[in-house]
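Below is one structure, written out as C-alpha cells; comments come after it.
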C-alpha cells in the first residue's frame with residue numbers, strides 16, 4: 001500500500017526503477033525460500049507418499065515388494081494384539097501429561113511469588129529438559145533399582161514397602177510416568193510463568209475490591225487468563241507423549257512383557273528388528289492419523305474452555 | 001488508624017507465613033529435582049566395592065577419580081564427542097544460515113504468494129516426527145546413506161520450519177529504515193541480508209543456535225537408527241551402548257553420564273538466558 005501511494009507521486013523513470021527493484025526483490029525472495037521447500041519435498045513429502053505406497057505392500061529390504069492392498073492395515077487393527085496393547089500403553093503413559101501440567105502450574109504459582117532465590121529454583125526445575133535422555137535414563141535406572149536403588153531405600157525409611165519398579169509389570173509404567181514428569185516439568189513451568197505474568201493485575205485488584213478470596217481469584221481470573229497457554233502445553237505435550245520412545249528403550253527395553261512398549265517403540269521394533277518395512281509403514285500411518293485426530297478433537301473442545309482476550 | 005495498622009500487620013504476618021510455606025514446598029521440589037544429578041555424581045565417585053553398601057552412602061570412604069580414567073579407556077568418549085561435532089556443527093551453521101535467509105525473505109521481501117507459502121511451510125510441522133522415522137529410513141537406505149552420517153547431517157542443512165518461524169518473528173520487528181536506506185544506496189537483498197539483517201538478528205540467531213546445538217548434541221534416536229559401525233557412533237550412542245554393555249557397573253555408568261552432561265551444563269551455565277528465552281518465546285506465540 002505504502003509503496004503504491006509513494007510510487008504514484010514519483011515521476012515515470014522512478015516508477016520504472018521501482019518496478020525493476022521489485023522484480024529483483026521477487027527473484028531473491030524465491031531464491032531465499034527455496035532451500036526449505038526443497039528440504040520439505042525431498043525429506044518429508046516424498047518419503048511420506050512413498051511410505052503410503054509401501055504400507056500397501058509387504059516390502060522388506062532385499063526382496064521385491066508385492067502389492068497386498070489393505071492387508072497390513074487389517075493385520076494391525078484386527079490381528080495384531082500388540083498394536084492395541086502398545087496403543088493402550090501409550091495412552092497410559094500420556095497420563096503423565098495432565099499430572100505434569102498440574103505440578104508445573106503449582107510450581108509456577110510458587111515461583112511467581114517473587115521470592116528471593118526463585119531463579120535458582122527455576123533453573124533446577126528446567127535442568128532435566130536440556131540434558132541428554134541417555135544420561136538421565138542411566139541414573140533413573142539406578143535410582144529405580146529394586147534392591148539397591150535410592151528410591152526404595154528412602155521409601156523404606158518412611159515405612160513403604162516399595163515395588164520393584166522397572167522390573168515389575170504393574171509398576172514399570174508408573175515409574176516411567178514419574179520419570180517423565182520429573183524430566184518434563186521445566187518447559188511447562190517457564191511457559192506458565194510467562195503466562196502468569198501476563199494476566200492483568202487490574203483484574204486481581206478489582207476482584208479484591210469485590211471481596212474475592214485467593215481461591216476465587218485463582219479459579220475465576222488466573223485459570224481463564226492462562227488458558228491459552230494451558231492449551232498450548234496440553235497440545236504440545238500430548239503430541240510429544242504419543243511419540244515418546246527413546247527413554248523407554250533405555251530404561252525398560254519395553255518390558256517386562258511389553259508393559260512399557262509404546263506404539264512408536266513397537267513401530268521401531270517391527271521395522272528394525274523384524275525388518276517388516278511394509279507393515280511398519282502402515283503402523284506409522286495409523287499412528288499419524290491417531291495423532292491428527294487427537295489434535296483435531298482437542299481443538300474442537302478447546303472452544304469451550306480456552307479464553308483468548 | 002490503629003485498626004488499619006493492625007490489619008496490615010496481620011496481613012504482613014499472613015504473607016510471611018505463606019512465603020515460608022512456599023519456600024518449604026519449593027525446597028522439597030528442588031530436592032527432588034536435584035537428587036538424581038547429585039546421586040549420579042556421588043555414585044560416579046564411589047570406590048568399586050562400596051557400590052552396594054546399604055543403607056546407601058552418599059560419599060564413600062574415598063573419592064574414586066579412577067572411575068573417570070577407566071571410562072575414558074573403556075568407552076570411546078572422545079571419539080564419540082568428535083563424531084557428534086562432525087554431525088552437529090556443519091548442520092548447525094549451514095542450517096541456521098539457510099533459515100535466517102528464508103526468514104528474512106518471509107519477513108521483509110515482497111513477492112507474490114509469500115504469506116501463503118509461509119503458511120504452507122509451517123503447515124508441514126504437523127507431520128509428527130515419529131511418523132517420519134520409517135519413511136525417512138526407507139528413503140535413506142535406498143540412497144545407500146545408512147551407516148553414514150549423511151542422514152543426520154544433510155536434511156538439517158535445508159533449514160527447519162520451526163527455526164524459520166522464530167527468526168521471521170524476530171526479523172519482522174526490525175525497523176525498515178536501515179533497509180530502506182540501504183536500498184536507496186543500491187544494495188540488493190543479499191547485501192542487506194548479510195550486512196544489516198544478520199548483525200541485527202544476532203540475539204535470535206544465538207538463541208536458535210544454542211537450542212539447535214543442544215538438541216543435536218543430545219540426539220539419540222537419529223544415530224540409533226542410522227549408525228551401525230561403532231567407529232561412527234556419536235557420544236550419546238557410544239554412551240548408551242557402553243551402559244548396556246556394562247549394565248550394573250553403576251560407578252562407571254554414572255561417570256559416563258556425568259561426562260556426557262558436562263558440555264550441556266557448561267553451555268547452560270553461560271547461556272541460561274538464551275535457553276529460557278527460547279522456551280518462553282514459544283509460549284508467547286501460543
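Got a sec? Which of B:170, B:158, B:193 is farther than 17 Å from residue B:84 by Cβ, more than 11 Å from every other protein chain (Cβ to nearest Cβ) and crowded, with 18+ Cβ neighbours inside 10 Å?
It is B:170.
Kindly establish whether residue B:98 is modelled with pLDDT of 90 or more, within 18 Å of the chain's Cα centre (by Cα) and at negative phi.
Numbers: modelled with pLDDT of 90 or more: yes; within 18 Å of the chain's Cα centre (by Cα): no; at negative phi: yes.
So residue B:98 does not fit the description; no.
Residue check: is residue A:222 buried (at least 23 other Cβ atoms within 10 Å of the Cβ), modelled with pLDDT of 90 or more and more than 14 Å from chain B (Cβ to nearest Cβ)?
No; evaluated as a whole, the condition is false for this residue.
Scan region A:101-127 for residues that are under 23 Å from the mean Cα position of the chain (by Cα) and free of Cβ contacts under 8 Å to residues at least 12 places away in the same chain and jot them down.
Result: A:102, A:106, A:123, A:124.
For residue B:283, are the conditions met, namely being more than 7 Å from every other protein chain (Cβ to nearest Cβ), modelled with pLDDT under 90 and part of a helix (DSSP H, G or I)?
For residue B:283, the condition - more than 7 Å from every other protein chain (Cβ to nearest Cβ), modelled with pLDDT under 90 and part of a helix (DSSP H, G or I) - is not met.
Counting only residues that are more than 15 Å from residue A:62 (Cβ to Cβ), within 12 Å of another protein chain (Cβ to nearest Cβ) and not in a helix (DSSP H, G or I), how many does region B:133-153 have?
Qualifying residue count for the region: 1.
Of all residues in region A:267-309, count the ones that are over 19 Å from residue B:126 (Cα atoms), without any contact (Cβ under 8 Å) to a residue 24 or more places away in the chain and within 10 Å of another protein chain (Cβ to nearest Cβ).
Residues flagged as over 19 Å from residue B:126 (Cα atoms), without any contact (Cβ under 8 Å) to a residue 24 or more places away in the chain and within 10 Å of another protein chain (Cβ to nearest Cβ) within region A:267-309 amount to 6.
Conditions (1) modelled with pLDDT under 95; (2) in a helix (DSSP H, G or I); (3) more than 30 Å from residue B:152 (Cα to Cα); (4) touching a strand residue (DSSP E or B) at 6+ places or on another chain (Cβ under 6 Å), marked per residue:
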| residue | (1), (2), (3), (4) |
| --- | --- |
| B:39 | yes, yes, yes, no |
| B:46 | yes, no, yes, no |
| B:53 | yes, no, yes, no |
| B:58 | yes, no, yes, no |
| B:78 | yes, yes, no, no |
| B:83 | no, yes, no, no |
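Out of region B:175-190, which residues are within 23 Å of residue B:97 (Cβ to Cβ) and either within 10 Å of chain A (Cβ to nearest Cβ) or touching a helix residue (DSSP H, G or I) at 6+ places or on another chain (Cβ under 6 Å) (or both)?
B:176, B:178, B:179, B:182, B:183, B:188, B:189, B:190
Does region B:214-231 hold any residues that are farther than 20 Å from residue B:132 by Cα and assigned to a helix (DSSP H, G or I), and which are they?
Residues satisfying the conditions are B:214, B:217, B:230, B:231.
Among the residues of region A:59-98, which ones are part of a loop (DSSP other than H, G, I, E, B), in contact with a helix residue (DSSP H, G or I) (Cβ under 6 Å, 6 or more places away or on another chain), modelled with pLDDT of 90 or more and over 25 Å from residue A:298 (Cα atoms)?
none
Determine, yes or no, whether residue B:198 is free of Cβ contacts under 8 Å to residues at least 40 places away in the same chain, away from chain A (no Cβ under 11 Å) and surrounded by fewer than 20 Cβ atoms within 10 Å (Cβ to Cβ). Steps first, answer last, please.
Working: free of Cβ contacts under 8 Å to residues at least 40 places away in the same chain: no; away from chain A (no Cβ under 11 Å): yes; surrounded by fewer than 20 Cβ atoms within 10 Å (Cβ to Cβ): yes.
Considered against the rule, which asks whether it is free of Cβ contacts under 8 Å to residues at least 40 places away in the same chain, away from chain A (no Cβ under 11 Å) and surrounded by fewer than 20 Cβ atoms within 10 Å (Cβ to Cβ), residue B:198 comes out as no.
With the checklist (1) touching a residue at least 60 places away in the same chain (Cβ under 8 Å); (2) within 9 Å of chain A (Cβ to nearest Cβ); (3) assigned to a helix (DSSP H, G or I) in hand, flag the one item residue B:94 doesn't pass.
(2)
How many of the residues in region A:252-291 are part of a helix (DSSP H, G or I), closer than 20 Å to residue A:85 by Cα and touching a helix residue (DSSP H, G or I) at 6+ places or on another chain (Cβ under 8 Å)?
So the answer is 21.
Of everything in region B:247-259, what is assigned to a helix (DSSP H, G or I) and without any contact (Cβ under 8 Å) to a residue 40 or more places away in the chain? Give them in sequence order.
Across region B:247-259, the qualifying residue is only B:253.
Hey, does region A:108-116 have a residue that's at the interface with another protein chain (Cβ under 8 Å from one of its Cβ atoms), more than 15 Å from residue A:263 (Cβ to Cβ) and outside any loop (DSSP other than H, G, I, E, B)?
Yes, region A:108-116 has at least one match.
Restricting region B:102-132 to residues that are assigned to a loop (DSSP other than H, G, I, E, B) and touching a helix residue (DSSP H, G or I) at 6+ places or on another chain (Cβ under 7 Å), which is surrounded by the fewest Cβ atoms within 10 Å (Cβ to Cβ)?
Once the filter is applied, the top-ranked residue is B:110.
Within region A:51-77, work out how many residues are in contact (Cβ under 8 Å) with a residue 40 or more places away in the chain and within 14 Å of chain B (Cβ to nearest Cβ).
Taking region A:51-77 as the starting set, the residues that turn out to be in contact (Cβ under 8 Å) with a residue 40 or more places away in the chain are A:51-52, A:54-61, A:65, A:68, A:72-73, A:75-77.
Remaining after also requiring within 14 Å of chain B (Cβ to nearest Cβ): A:51-52, A:54-61, A:65, A:72, A:76.
Matching residues across region A:51-77 total 13.
The values are calculated or read from the model by the stated rules, or taken from the named source; none is laboratory data. Small disclaimer: the values here were computed from a predicted structure and weren't measured. As a convention, Cβ positions derive from the backbone with ideal geometry for all residues, glycine included, and neighbour counts pool all protein chains shown.
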